[in-house]
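Since every read-out is calculated from the coordinates, none of them should be taken as a lab result. Small disclaimer: the values here were computed from a predicted structure and weren't measured. Note that each Cβ is placed from the backbone with ideal geometry, even for glycine, and that neighbours are counted across all protein chains shown.
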Amino acid sequence: KQEVTQIPAALSVPEGENLVLNCSFTDSAIYNLQWFRQDPGKGLTSLLLIQSSQREQTSGRLNASLDKSSGRSTLYIAASQPGDSATYLCAVRRENSGGSNYKLTFGKGTLLTVNP
Amino acid sequence: NAGVTQTPKFRILKIGQSMTLQCAQDMNHNYMYWYRQDPGMGLKLIYYSVGAGITDKGEVPNGYNVSRSTTEDFPLRLELAAPSQTSVYFCASSYSHRVGFNNSPLHFGNGTRLTVT
């Protein structure tokens, strides 16, 4: 059974700092990995999606890496801003022989606070 | 293009009542999903659908039912509500995740916060 762990559960940093959020998964047979942002009282917004054949994806100040063999992904946020404060979740989609891989397994998220 | 729209935003139910959570998407997505999010527990898949007329159970389907009569709509029905169904419910959609298609990210609605007392 796939398990996804995110460390730390909460992180507080001063504005301008570069930071790394971690995501680990127990089963390396994944199809892709997705990082989401969730603001309080809102749904999840997709930030980056990395296919299993890729090593990283970048969007603006965000960079996500994937090491499938070791079961790890990191989300790097450069020059953090107060507007980055939110909960960040990672989710992995499994790969199965049927080619239909609907199930996403989510981590519990990291609550990020960026202080002005 | 509104994306994924969920109604209502909030609802309080008494034990034993029933209700339908509505979800609609205007992106012509094949795949739709219902998740529940409980504090400290992450998101759990309730039901999913790969197209109109096709639905299947996820991890935690007991106490719920779904239907998919159109591509756009995917309502979630709670029969005989129980306190254990107090949660935030999220509907999501994606284009396709089959090999050969573009990897399509999941698009979420803003959720329905349900309390059963």
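Summary table below
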item: Mean projected area (nm²) of the alpha-carbon convex hull when the protein assembly as shown is viewed from all directions; result: 12.7 nm²
item: Chain B, relative contact order [Cα under 8 Å, separation at least 6], %; result: 35 percent
item: Local electrostatic count at B:GLN85 - Lys and Arg +1, Asp and Glu -1, tallied over other residues with Cβ under 14 Å; result: +4
item: Distance from the range A:57-72 to the range A:1-52 (C-alpha centre basis), Å; result: 10 Å
item: Chain lengthening between B:MET27 and B:ALA52 when straightened (0.36 nm per residue, less Cα-Cα); result: 7.6 nm
item: Highest-fluctuation residue, A:LYS42, A:LYS103, A:LYS68 considered, GNM on chain A with Cα pairs under 10 Å; result: A:LYS42
item: Neighbourhood charge, 14 Å Cβ-Cβ cut-off, centred on B:THR115 and excluding it, Lys, Arg +1 and Asp, Glu -1; result: +4
item: Proximal lysines relative to A:LYS1, as straight alpha-carbon distance under 21 Å, when same-chain residues fewer than 8 apart are discounted; result: A:LYS68, A:LYS103, A:LYS108, B:LYS44, B:LYS57
item: Distance (nanometres) between label positions extended 7 Å along Cα→Cβ at A:ASN115 and A:LEU11; result: 1.6 nm
item: Neighbourhood charge, 13 Å Cβ-Cβ cut-off, centred on A:LEU48 and excluding it, Lys, Arg +1 and Asp, Glu -1; result: +2
